[in-house]
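K.L.:
Can you read through this structure? Questions will come right after.
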Amino acid sequence: MSYDGDAIEQVRVYEDEEGELIDQDTKSRTEVILSLLVDRDYCTAYKNDNGEWTRRDDVETVDVDRTTYIRTDGNSIAGDDLDELPEL
């Protein structure tokens, strides 16, 4: 992911093919929000010590003061939060 100030600017996404993450792409924050609003699912994932991807938290939208944010913790806080993902 990359930041513009406190807001996430873009994130790296992968398709989940039977538990294997494939087809890497980069999406803007706006693309992720719009996809979530039409029932697309996103989650965070990390590589474990064996080099395998481990699914973590679901990503959801949160509206605060007429602004939509993407968060993994569900808190109604003005700001994006996708946990400790590495920066692009």
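What follows is calculated from the coordinates using simple rules that are stated; it is not laboratory data. Here the structure is a predicted model, which is why all the values come from computation and not from measurement. Here the Cβ positions follow ideal geometry from the backbone for every residue, glycine too, while neighbour counts run over all protein chains shown.
K.L.:
Is it the case that Val13 is within 12 Å of the chain's Cα centre (by Cα), surrounded by 15 or more Cβ atoms within 10 Å (Cβ to Cβ), β-branched (Val, Ile, Thr) and under 15 Å from Asp81 (Cα atoms)?
P.N.:
On the way: within 12 Å of the chain's Cα centre (by Cα): yes; surrounded by 15 or more Cβ atoms within 10 Å (Cβ to Cβ): yes; β-branched (Val, Ile, Thr): yes; under 15 Å from Asp81 (Cα atoms): no.
The answer is no for Val13.
K.L.:
Continuing with this model, one more query. What are the residue pairs meeting all of these: first residue in the stretch 52-67, first residue touching a residue at least 24 places away in the same chain (Cβ under 8 Å), second residue surrounded by 15 or more Cβ atoms within 10 Å (Cβ to Cβ) and among the aromatic types (Phe, Trp, Tyr), Cβ atoms under 8 Å, and 6 or more apart or on different chains?
P.N.:
These pairs meet every condition: Val59/Tyr42; Thr61/Tyr69.
K.L.:
Give the residues of the stretch 60-75 that are in a loop (DSSP other than H, G, I, E, B), surrounded by 11 or more Cβ atoms within 10 Å (Cβ to Cβ) and not small (Gly, Ala, Ser), sorted by residue number.
P.N.:
Keep residues of the stretch 60-75 that are in a loop (DSSP other than H, G, I, E, B), which gives 65-66, 72-75.
From the residues that got through so far, the ones that are surrounded by 11 or more Cβ atoms within 10 Å (Cβ to Cβ) too are 72-75.
Hits for the stretch 60-75 are Thr72, Asp73, Asn75.
K.L.:
Also, I was wondering about something else. Looking only at residues that are within 18 Å of Glu87 (Cβ to Cβ) and of a type outside the set (D, E, K, R) in the stretch 16-50, which one is surrounded by the most Cβ atoms within 10 Å (Cβ to Cβ)?
P.N.:
Of everything passing the filter in the stretch 16-50, Val32 is surrounded by the most Cβ atoms within 10 Å (Cβ to Cβ).
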